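S.K.: Next up is a structure, given as structure tokens.
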Amino acid sequence: MVKERARILVVGGGYVGMYTALRLQKQLRPELRRGQVEITIVTPDPYMTYQPFLPEAAAGAISPRHVVVPLRRFLPDCRIVIGEATAVDHAARTATVATLATEDKGTPPEHLEYDELVLAPGSVSRTLPVPGLAEHGIGFKTVEEAIGLRNHVIEQMDIASSTRDPAIRDAALTFVFVGGGFAGVEALGELEDMARYAARYYHNVRPEDMKWILVEASDRILPEVGAEMGRYAVTELRRRNIDVRLQTRLESCVDRVAHLSDGARFPTRTVVWTAGVKPHPVLAATDLPLTARGRLKCTAELTVDGVTNAWSAGDAAAVPDVTADEPGAETAPNAQHAVRQARVLADNIVRSLRGEPLQTYEHKYVGSVASLGFHQGVAHVYGRKLKGYPAWFMHRAYHLSRVPTFNRKARVLAEWTLSGLFKREIVSLGSLEHPRAEFELAAGGKPSDNPKNDPKGSN
């Protein structure tokens, strides 16, 4: 029994936010129905994105609708506020939230009061001051970016097929990916596989005409799977004529020309930036303690260190790793920890409300799996190393088991089965990013370059 009425505010609708709210909803259902507890979730999107499936969504192996989970249907007992938390005054137990009404109508931001705070806004792309990156770079962190990149790659193949200018053709068929982590390698592997398949339907574009370049600043890719599997991944990618450049940085992409630190120069219309993430900016707009890297200082019980009624986990939190041998170690900011931390975090909130002792988060990292494209992958799990088809199969089996809801599992499995029986779809729906352009022309106007005129902006 909860001792007193509690208003729980969850900032973020990602892994931690959704799974924490789901478990709180289950554990506190009687109190929710009696009005003793309120759970409010502030999130910029009304869905949670299962990010490990973004590369397959970009390649067309999975429908984009099936890599997201609608929060309103999944969390019927919670209040969902679509907006962005811009500041948190924990001393006053108040969060400032910019909602859709704030953006469209110019109304002032809302101030949400709370008793318990779960601050889990996740992370944002970590960019560097590379000239031309803001104008020409493409991210790969959201489902919109994944589908936009798919449309963009197919559009470049269309441009190359229809032009007689060799310079335009060469730039259109050159694809540069910056960052050798999971996102960059898996996106490159899946999209190269898709483009190689799509080339058979172009009369004048062959797979060998395309240049795929992976740029990584360190001396290896996929560090999470170990040095040996990382070297195998490089060998496998190079076997597919993918140019992997280690210890190399992107120095400029002004005028659609990628200048690399090793002196190479590639005219290109595609620069995909996947070079890491950084803590969400809202963390700096709070009165909560942060580490030198900008993450929340947390305890092993997932409370914010030295603060009452504040909790965090996932990418935003620096959580001590109690299973590590070296002192001061922290859990890695990945989905494997985030999902498990959310369970402990929710249980500890319930324990706190009921006056019970808190439990410690403890999980030893079991390893990682990565896909390199259809039927190719690498894995390092429980000390065992796998590569090729077994690793690819393990990658799919693991993530199918982790994607939320039976509904999504069934749909994803059905799409995988159908994709093995039928040919790939190679349609580009780039006009989805500018849905009003044709109507504006028909109405006698000029298509606007203002991103606010499109539901998801322009690129």
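S.K.: Step by step: first the residues of region 211-226, then only those that are touching a Gly at 6+ places or on another chain (Cβ under 7 Å) and of a type in the set (A, V, I, L, M), then the one that is surrounded by the most Cβ atoms within 10 Å (Cβ to Cβ). Which residue is that?
M.R.: Among those residues, the one meeting the criterion is 214.
S.K.: Right, next: In this structure, does residue 295 turn out to be buried (at least 22 other Cβ atoms within 10 Å of the Cβ), within 18 Å of residue 119 (Cα to Cα) and charged (D, E, K, R)?
M.R.: yes
S.K.: Just the residues that are in contact (Cβ under 8 Å) with a residue 60 or more places away in the chain, under 21 Å from residue 280 (Cβ atoms) and touching a Gly at 6+ places or on another chain (Cβ under 8 Å), please, taken from region 321-373.
M.R.: Listed by number, the residues that qualify are 333, 338, 341, 342.
S.K.: Of the residues 65, 72, only one is touching a strand residue (DSSP E or B) at 6+ places or on another chain (Cβ under 6 Å) and part of a helix (DSSP H, G or I); which?
M.R.: Exactly one residue qualifies, and that residue is 72.
S.K.: Taking region 198-222, which residues are in contact (Cβ under 8 Å) with a residue 40 or more places away in the chain, of a type outside the set (D, E, K, R) and part of a helix (DSSP H, G or I)?
M.R.: Correct list: 198, 199, 201.
S.K.: What about residue 195, is it in a helix (DSSP H, G or I), farther than 30 Å from residue 333 by Cβ, more than 21 Å from the chain's Cα centre (by Cα) and not assigned by TED's automatic domain parsing to the domain that holds residue 55?
M.R.: When the stated conditions are applied, residue 195 passes them.
S.K.: Which one of these is buried (at least 22 other Cβ atoms within 10 Å of the Cβ) and either not assigned by TED's automatic domain parsing to the domain that holds residue 29 or not in a loop (DSSP other than H, G, I, E, B) (or both): 101, 91, 95?
M.R.: So the residue among 101, 91, 95 that is buried (at least 22 other Cβ atoms within 10 Å of the Cβ) and either not assigned by TED's automatic domain parsing to the domain that holds residue 29 or not in a loop (DSSP other than H, G, I, E, B) (or both) is 95.
S.K.: For region 314-342, what are the residues that are within 22 Å of the chain's Cα centre (by Cα) and on the phi > 0 side of the Ramachandran plot?
M.R.: Listed by number, the list holds a single entry, 314.
S.K.: Considering only residues that are in a helix (DSSP H, G or I) and either surrounded by 22 or more Cβ atoms within 10 Å (Cβ to Cβ) or touching a Pro at 6+ places or on another chain (Cβ under 7 Å) (or both), which ones fall in region 168-180?
M.R.: 170, 171, 172
The values are calculated or read from the model by the stated rules, or taken from the named source; none is laboratory data. Just so it is clear, the structure is predicted and the values come from calculations on it, not from any experiment. For neighbour counting, all protein chains shown are included, and Cβ atoms are generated from backbone atoms with ideal geometry for every residue, glycine included.
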